[in-house]
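Written out below as structure tokens is the structure these notes cover.
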Amino acid sequence: MPAGPSPFVPPAQPTQPAPPAPPTPTGPPAKGTRPATRPAAAVLTVSAVLVGLMAGLFFAFDVSVMPGLAAGDEQTYVVAMRAFNKAIDGNPLFGTVFLLALVAAVLSAVLEFRGGRRAVALWVGAAAAAYLVVLLITFAVNIPLNNELAGAGDVAGMKDFGIVERFRTTWVTTNIIRTLLCTTALAALARALLLHGRATR
């Protein structure tokens, strides 16, 4: 008995190759991604400059002003120190730099943290903390002594120059501490600038 016709099997269709994956972009970041770091970099730089200015001012008093005054008599000490304090207190630029240094450091720490650069934020935060101690010492010790000296009356009629001795000990010591703290803050900000540059390169 003849065999029946075999069932027709259609030929297999060739498999279409999958389309190639789009190449991964290797060029520069899209427009608008890098400029977001510019305000943070600017604030961090300003903070370092302001803290550096304060460190230089305190250092100048440590190595020249206070030793020079100590070499003279008490009356000269009082007259000169009053003149220094009046010049500084009446200068709006000093007040701006003195207070804005802390504001800039705190703002910089916030910007770095929100930008995901936490290591940078930690260094800036350490600098802000050190400078905050500088402000606290200034308002708690140095300014009260300056006010006491200013209210001591006419130098020609002064009988008690105990305020001069307090300046030679307490004021000078706390100013050295302020110098060290500002220098520490400046070093922390320098480290932060280095890390910021690496993170945004």
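Pull up region 179-192, narrow it to residues that are among the aliphatic types (A, V, I, L, M) and crowded, with 18+ Cβ neighbours inside 10 Å, then point me to the one that is farthest from the chain's Cα centre (by Cα). Steps first, answer last, please.
Quick first cut of region 179-192, residues among the aliphatic types (A, V, I, L, M) only: 180-181, 185-190, 192.
Among the residues that remain, those that are also crowded, with 18+ Cβ neighbours inside 10 Å are: 181, 185-186, 188-189, 192.
Working: 181: 12, 185: 6, 186: 7, 188: 8, 189: 5, 192: 9 Å.
By that ranking, first place goes to 181.
Suppose we filter region 138-178 for residues that are open to solvent by 30 Å² or more (accessible area, probe 1.4 Å), of a type outside the set (Gly, Ala, Ser) and part of a helix (DSSP H, G or I); how many remain? Total satisfying the criteria: 15. Residues in region 72-95 that are open to solvent by 70 Å² or more (accessible area, probe 1.4 Å), in contact with a helix residue (DSSP H, G or I) (Cβ under 9 Å, 6 or more places away or on another chain) and within 19 Å of residue 58 (Cβ to Cβ): 84, 86, 89. Checked against (1) under 15 Å from the mean Cα position of the chain (by Cα); (2) more than 30 Å from residue 199 (Cα to Cα), residue 69 meets all criteria but (1).
The values are calculated or read from the model by the stated rules, or taken from the named source; none is laboratory data. On a predicted model such as this, the values are computed, not experimentally measured, just so you know. As a convention, Cβ positions derive from the backbone with ideal geometry for all residues, glycine included, and neighbour counts pool all protein chains shown. Areas reflect the complete protein model, heavy atoms only, side chains present, ligands, DNA and RNA absent. Shrake-Rupley method; radii C 1.70, N 1.55, O 1.52, S 1.80 Å.
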